[in-house]
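Report on one structure; see the data block that follows.
The values are calculated or read from the model by the stated rules, or taken from the named source; none is laboratory data. Just so it is clear, the model here is predicted, and its values are computed rather than measured. Here the Cβ is made from the backbone with ideal geometry for all residues, glycine too, and neighbour counts use every protein chain on show. Each accessible area value is taken on the protein alone, full model and side chains, heavy atoms only, with ligands, DNA and RNA left out. Shrake-Rupley method; radii C 1.70, N 1.55, O 1.52, S 1.80 Å.
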Amino acid sequence: MIYATIFEFLGHFHPLLVHLPIGILLLGIGFDLLSTRSRFEYLQPVLPVIYGLGTLSAWLSCGSGYLLSLEGDYAWNALQQHQWAGIVTACLATVTWFLAARSIGASQFVKGRRMAGGVLFLGISISGHLGGSLTHGENYLFETASPKKAMLAVPIGNVQEAPVYAAIIAPIFANKCESCHGAGKQKGKLRMDGLEYLGKGGKSKKPLFLSPAHADEGILIKRISLPNEEDLHMPPKQKPQLNTDEKALLAWWIKDGASFEKKVKDLPQTDDIKKILDRLQNAGKTQEATAAADPFAGIDAPAPDQAAIQALNAKKILVLPVSQGSHLLDANFVNAGKITPALLQLLEPVRQQLV
């Protein structure tokens with residue numbers, strides 16, 4: 001038990017150690033490039049030292065990363081990709097250091113050293129990107145604005161007809177919980193990005209949601225209700241926090257049984273909840289937009305297939321009527337992740353209603 005605690009402690013140094021080889025090795029590669037010019041040839045003797053320190057820190061980073069991986073908080077496939085990319089990068093750093101040491105006074109090794117440095121740069125880039133994706137989410141480097149973060153800014157046309165989980169609760173989880181409990185990272189072995197995971201709980205085996213009579217004792221409500229300075233408060237204080245409305249909506253949904261099928265109108269609503277729902281429905285609307293004429297007036301369609309709508313909602317595709325009493329539908333994919341042909345095919349049964 002004491003060894004497990006020591007290993008866990010040492011593993012937590014990985015986020016600190018992992019930046020050392022990146023900086024040191026990039027410095028070496030930069031000096032190596034500069035030394036190709038005669039005025040900077042004096043930098044060559046220092047390259048073995050820089051590459052040596054970078055190699056040492058790279059292997060220390062690999063070791064601490066392995067210890068951190070034993071906690072089991074990360075998706076296995078993503079973890080394996082980052083782990084092996086890191087090991088390959090450390091091996092490349094070792095080769096580059098060896099060639100740098102041999103190239104002092106032996107010019108035949110200089111070309112090999114520079115070629116190894118170029119491959120090393122590629123290894124650092126790949127392993128760094130995979131590590132960032134593991135920590136911050138897939139493809140975080142190329143996303144200027146996460147679709148999940150944008151979801152709550154999309155107003156809900158008719159909130160009472162909206163499915164509670166798909167339209168209101170899932171976006172809160174996506175924005176405030178899934179960076180630590182999503183597909184790429186499962187802190188405490190808890191995953192919250194799908195219906196099939198929410199009922200499993202995390203490492204503690206304590207259920208997130210309890211029966212309505214004991215809802216306040218559930219781990220989710222307990223953690224979000226703690227003061228921000230408490231270590232067990234969720235989300236962690238360095239992460240975006242739940243606002244008052246979001247906390248109230250989560251508590252309201254859980255205390256009614258945490259249903260994944262019910263619509264908003266099916267849940268009892270206090271005056272405070274009604275006000276929050278109104279704010280959610282009117283989010284982003286201007287007075288001009290509210291007063292604008294219905295662009296779909298006069299267009300009609302047969303009633304949509306409810307089973308098809310449920311299948312879409314199960315894939316985190318939010319499908320809602322464009323207005324109260326209308327059969328016309330709006331489909332929102334912002335929380336559905338990667339849009340594939342198979343996902344789009346689910347729209348086929350409601351093609352007559354889709355606008």
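Structure above, values below:
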{"quantity": "Single condition PHE98 does not satisfy, out of (1) in contact with a helix residue (DSSP H, G or I) (Cβ under 8 Å, 6 or more places away or on another chain); (2) assigned to a helix (DSSP H, G or I); (3) closer than 19 Å to LEU53 by Cα", "calculated": "(1)"}
{"quantity": "Lone unmet requirement of (1) without any contact (Cβ under 8 Å) to a residue 60 or more places away in the chain; (2) buried (at least 18 other Cβ atoms within 10 Å of the Cβ) for TYR165", "calculated": "(1)"}
{"quantity": "Condition met for ALA215 (of a type in the set (A, V, I, L, M), farther than 27 Å from ALA331 by Cα and open to solvent by less than 10 Å² (accessible area, probe 1.4 Å))", "calculated": "yes"}
{"quantity": "Candidate set from segment 1-43 (those that are among the aliphatic types (A, V, I, L, M) and outside any helix (DSSP H, G or I)); member that is nearest to the chain's Cα centre (by Cα)", "calculated": "VAL18"}
{"quantity": "Restricting segment 171-203 to residues that are part of a loop (DSSP other than H, G, I, E, B), among the aliphatic types (A, V, I, L, M) and within 13 Å of the chain's Cα centre (by Cα), the residue that is nearest to ILE156 (Cα to Cα)", "calculated": "MET192"}
{"quantity": "Enumeration of residues in segment 1-48 that are farther than 16 Å from GLU71 by Cβ, small (Gly, Ala, Ser) and in contact (Cβ under 8 Å) with a residue 12 or more places away in the chain", "calculated": "GLY28, SER35"}
{"quantity": "Scope segment 311-347; condition part of a helix (DSSP H, G or I) and in contact (Cβ under 8 Å) with a residue 24 or more places away in the chain; matching residues", "calculated": "ALA311, LEU312, ASN313, ALA314, LEU343"}
{"quantity": "Filtered residue count, segment 235-257, keeping only those that are within 16 Å of PRO171 (Cα to Cα), modelled with pLDDT of 85 or more and touching a helix residue (DSSP H, G or I) at 6+ places or on another chain (Cβ under 8 Å)", "calculated": "13"}
{"quantity": "Subset of segment 111-164 [modelled with pLDDT under 60, touching a helix residue (DSSP H, G or I) at 6+ places or on another chain (Cβ under 9 Å), assigned to a loop (DSSP other than H, G, I, E, B) and among the aliphatic types (A, V, I, L, M)]", "calculated": "VAL154"}
{"quantity": "Some residue of segment 95-113 being surrounded by 18 or more Cβ atoms within 10 Å (Cβ to Cβ), touching a Cys at 6+ places or on another chain (Cβ under 6 Å) and either of a type outside the set (A, V, I, L, M) or over 29 Å from GLY188 (Cβ atoms) (or both)", "calculated": "no"}
{"quantity": "Unmet requirement for LEU195, which otherwise passes all of (1) in contact with a helix residue (DSSP H, G or I) (Cβ under 8 Å, 6 or more places away or on another chain); (2) at pLDDT 80 or above; (3) under 18 Å from PRO163 (Cα atoms)", "calculated": "(2)"}
{"quantity": "The lone exception for ILE219 - which of (1) within 22 Å of LYS316 (Cβ to Cβ); (2) touching a Pro at 6+ places or on another chain (Cβ under 8 Å) it fails", "calculated": "(1)"}
{"quantity": "Residue satisfying all of: in segment 259-279; in contact (Cβ under 8 Å) with a residue 60 or more places away in the chain and part of a loop (DSSP other than H, G, I, E, B); nearest to TYR165 (Cα to Cα) among these", "calculated": "PHE260"}
{"quantity": "Single residue of segment 53-87 satisfying the filter (over 26 Å from LYS187 (Cβ atoms) and surrounded by fewer than 19 Cβ atoms within 10 Å (Cβ to Cβ)) that is farthest from the chain's Cα centre (by Cα)", "calculated": "LEU53"}
{"quantity": "Selected residue [closer than 14 Å to PHE121 by Cα and in contact with a helix residue (DSSP H, G or I) (Cβ under 8 Å, 6 or more places away or on another chain)] from ILE50, ILE104, ILE29", "calculated": "ILE29"}
{"quantity": "Out of ALA289, ALA308, sole residue that is at pLDDT 90 or above, surrounded by 10 or more Cβ atoms within 10 Å (Cβ to Cβ) and small (Gly, Ala, Ser)", "calculated": "ALA308"}
